[in-house]
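Have a look at the structure below before the remarks.
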């Protein structure tokens with residue numbers, strides 16, 4: 001490619017990345033505003049949590065009737081990027097937005113990244129098909145939509161760009177889409193901020209020198225993070241699979257899941273584990289009296305909510321789990337709370353999503369440079385120890401974490417052993 005061709009390509013990506021970024025940023029701004037309103041309403045009218053099972057019936061009926069093509073959520077996005085499937089229905093954007101907001105109004109424990117990623121992907125794929133771009137460019141725009149959604153919803157544009165490239169294939173960065181992903185994520189973040197949205201501010205970690213003793217402590221920390229991430233992945237998948245077998249109808253399944261969440265809420269006697277849980281995340285950075293079991297309860301609330309089929313993402317609940325776990329480990333290992341909570345916040349999701357680079361950069365953007373070397377160590381080690389599992393079962397594995405290369409990119413959901421399962425009939429006909 002000569003100089004002129006490179007300039008033309010850059011101009012093209014500036015234009016298309018900006019279009020995708022504006023769409024992602026505007027949709028994230030609307031989503032975050034609605035989410036704040038929903039959270040404030042629930043906190044002012046806590047009795048509404050009792051109706052969570054009824055909301056599950058309604059949301060489930062809506063998705064049962066209109067949401068079958070999009071029910072796979074983030075996994076649909078990953079499959080579409082890899083398999084060049086049909087256009088992601090534009091209805092995904094409004095449906096996942098409404099479903100997630102309703103989940104939060106009535107007290108479900110869920111996050112926001114899944115919604116932002118799915119809105120970004122569906123909007124970018126709509127653009128791709130309207131412009132009739134080629135397959136390669138469509139794939140790149142889908143990655144840009146993921147990046148724009150993630151970066152704008154958290155206010156972390158660089159992490160958003162890397163996440164859009166890293167989460168597609170485990171252990172591999174899709175550099176082909178780097179320019180559009182970066183442009184879409186930066187423009188998306190600027191758009192969201194320009195519309196008056198303010199993101200959560202976390203305490204910046206003070207400088208702590210990395211010593212041999214602290215390095216050993218981080219290895220212990222990472223092993224614990226990997227174990228907790230694994231527990232969350234396995235428990236969520238277990239609840240989802242078992243409930244789907246036992247109760248095939250989604251509305252009934254969500255009703256029963258809502259009953260379970262309400263029961264947990266009453267048993268705990270606190271609303272701290274409902275919704276996003278941002279106040280507790282911030283508290284984990286400074287309160288040495290945070291309950292040592294807080295991370296486990298949030299993990300359970302979230303696994304039940306998402307396993308039953310309620311809409312939302314995993315990031316913010318796993319931020320809660322990670323920050324609360326980091327608070328406990330900081331006290332046990334003698335690490336300053338603002339550092340240990342910050343490292344835990346990033347590392348649990350990094351291990352659960354196989355995105356250690358993106359989450360290390362996110363910690364840098366959220367917490368400042370002092371946390372970066374520490375969080376990078378823990379994210380990478382926890383990622384390696386968590387094995388070949390993920391909250392995104394459609395993630396492809398091309399090269400194992402132990403170094404072995406597979407003959408073809410294989411979805412993690414197809415791995416029952418260290419070797420890939422043979423292709424399914426559906427895969428053969430794609």
**Prompt:** Hey, among the residues in the range 262-281 that are more than 21 Å from the chain's Cα centre (by Cα) and touching a residue at least 60 places away in the same chain (Cβ under 8 Å), which one's surrounded by the fewest Cβ atoms within 10 Å (Cβ to Cβ)?
**Reply:** 271
**Message:** When you check residue 221 against the structure, is it in contact (Cβ under 8 Å) with a residue 60 or more places away in the chain and either farther than 27 Å from residue 386 by Cα or outside the structural domain of residue 366 (by TED's automatic domain parsing) (or both), yes or no?
**Reply:** no
**Flag if residue 321 is part of a helix (DSSP H, G or I) and surrounded by 24 or more Cβ atoms within 10 Å (Cβ to Cβ)** = yes
**Evaluation of residue 208 against (1) touching a helix residue (DSSP H, G or I) at 6+ places or on another chain (Cβ under 7 Å); (2) free of Cβ contacts under 8 Å to residues at least 24 places away in the same chain; (3) over 30 Å from residue 57 (Cα atoms) (one fails), failing number** = (2)
**Prompt:** Looking at (1) in a loop (DSSP other than H, G, I, E, B); (2) surrounded by fewer than 16 Cβ atoms within 10 Å (Cβ to Cβ); (3) on the phi < 0 side of the Ramachandran plot, can you tell me which one residue 205 breaks?
**Reply:** (2)
**Prompt:** Does any residue of the range 66-86 turn out to be surrounded by fewer than 18 Cβ atoms within 10 Å (Cβ to Cβ), outside any helix (DSSP H, G or I) and either in the same structural domain as residue 355 (by TED's automatic domain parsing) or modelled with pLDDT of 90 or more (or both)?
**Reply:** yes
**Fill in**
When (1) touching a residue at least 12 places away in the same chain (Cβ under 8 Å); (2) closer than 23 Å to residue 56 by Cβ; (3) surrounded by fewer than 21 Cβ atoms within 10 Å (Cβ to Cβ) are applied to residue 94, the one that fails is (1)
**Asked** For the range 111-123, does any single residue satisfy the condition of being out of contact with any helix residue (DSSP H, G or I) (no Cβ under 7 Å at 6 or more places or on another chain), over 23 Å from residue 173 (Cα atoms) and not in a helix (DSSP H, G or I)?
**Response** no
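Is the range 170-186 home to any residue that is in a helix (DSSP H, G or I) and under 24 Å from residue 100 (Cα atoms)? Quick ask: steps written out before the conclusion?
Residues of the range 170-186 that are in a helix (DSSP H, G or I), as a first pass: 175-186.
In the following step, the residues that additionally are under 24 Å from residue 100 (Cα atoms) were identified as 184-185.
Yes, there is a match, as at least one residue in the range 170-186 is in a helix (DSSP H, G or I) and under 24 Å from residue 100 (Cα atoms).
The values are calculated or read from the model by the stated rules, or taken from the named source; none is laboratory data. No experiment lies behind these values; they were computed from the predicted model shown. Positions of Cβ are generated from backbone atoms using ideal geometry, with glycine treated the same way; all protein chains shown enter the neighbour counts.
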